[in-house]
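Here's the structure, in structure tokens; my notes come after.
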Amino acid sequence: MKPERRPGEGSGAPALRAPEPEAPVLLASGQASWYADSLHGRRTANGERYDREEFTAAHRSLPFGARLCVRSLVNGRTVIVRVNDRGPFTPGRIIDLSRAAAEELGMVGLGIKPVELWQLGADDEACPESLEPAAQGSGLGLDAEAAAKALQQPAPKAKAPAARKPRRNKRR
């Protein structure tokens, strides 16, 4: 038996090929928050001091030193962070970011923001380009026109509490 070859390949020995780059891996999506400035200088779970000017983050389970691409689902901005702490411990949040990382994503005034966490390889210097186009428009998976329309709809009005029936006093 001869090894199969693709059409157009010669009859000589197969050439060595560089490995194809792996597709980015989406680890999680959810709400991100950022550390308060009052924590600046305190020790993180891995022993280093928190520096609000560094691009670091807290995650509940990823190993210390893991590098992540964090992408805002609101404006499509991305930032690379290194995990150096544990948290967040607030339900519904998936990552706590340093102030510098939060500023890069444009979330300082908001406090929390929906994000995606993408795994980076050891040699990756930037977030994968394939993530960028998906964020154009809304980051909600809609094209720009549909996103604009969805974001302009008024929020549903809260229902007024039901009127209470007056209590009747029973006298005997």
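Annotations
- Here I112 passes the criteria (1) surrounded by fewer than 20 Cβ atoms within 10 Å (Cβ to Cβ); (2) of a type in the set (V, I, T); (3) modelled with pLDDT of 95 or more except the one numbered (3).
- Considered as a group, the residues in segment 34-48 that are of a type in the set (G, A, S) and open to solvent by 40 Å² or more (accessible area, probe 1.4 Å) include one that is nearest to G87 (Cα to Cα), and that residue is A45.
- Subset of segment 50-70 (residues that are closer than 13 Å to L97 by Cα and part of a loop (DSSP other than H, G, I, E, B)): Y50, D51, R52, E53, E54, F55, H59, R60
- Residues of segment 79-95 that turn out to be of a type outside the set (K, R) and under 11 Å from the mean Cα position of the chain (by Cα), as a count: 5
- Complete set of residues in segment 98-131 that are within 21 Å of D51 (Cα to Cα) and among the hydroxyl-bearing types (S, T, Y): S98
- Subset of segment 77-127 [over 21 Å from V25 (Cβ atoms), assigned to a strand (DSSP E or B) and aromatic (F, W, Y)]: none
- Meets criteria (at pLDDT 90 or above and of a type outside the set (K, R)) for G121: no
- The residue of segment 39-78 that is farthest from the chain's Cα centre (by Cα), among those that are polar (S, T, N, Q) and under 22 Å from P91 (Cβ atoms), is T44.
Yes or no, residue by residue, for (1) of a type in the set (S, T, Y); (2) modelled with pLDDT of 90 or more; (3) buried (at least 17 other Cβ atoms within 10 Å of the Cβ):
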{"site": "A18", "(1), (2), (3)": "no, no, no"}
{"site": "A32", "(1), (2), (3)": "no, yes, yes"}
{"site": "Y50", "(1), (2), (3)": "yes, no, yes"}
{"site": "P63", "(1), (2), (3)": "no, yes, no"}
{"site": "D85", "(1), (2), (3)": "no, yes, yes"}
{"site": "F89", "(1), (2), (3)": "no, no, no"}
{"site": "A102", "(1), (2), (3)": "no, yes, yes"}
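- Close Cβ contacts (under 7 Å, 6 or more residues apart or on different chains) running from residues in segment 52-81 that are of a type in the set (F, W, Y) to residues that are not in a loop (DSSP other than H, G, I, E, B) comprise F55/V79; F55/I80; F55/V81; F55/R82; F55/A100; F55/A101; F64/V83; F64/N84.
The values are calculated or read from the model by the stated rules, or taken from the named source; none is laboratory data. Quick caveat, the model's predicted, so the values are computed rather than measured. Cβ sites come from the backbone with ideal geometry, for glycine too, and all protein chains shown count toward neighbours. Accessible surface is based on the protein model in full, side chains and every heavy atom, while ligands, DNA and RNA are left aside. Shrake-Rupley method; radii C 1.70, N 1.55, O 1.52, S 1.80 Å.
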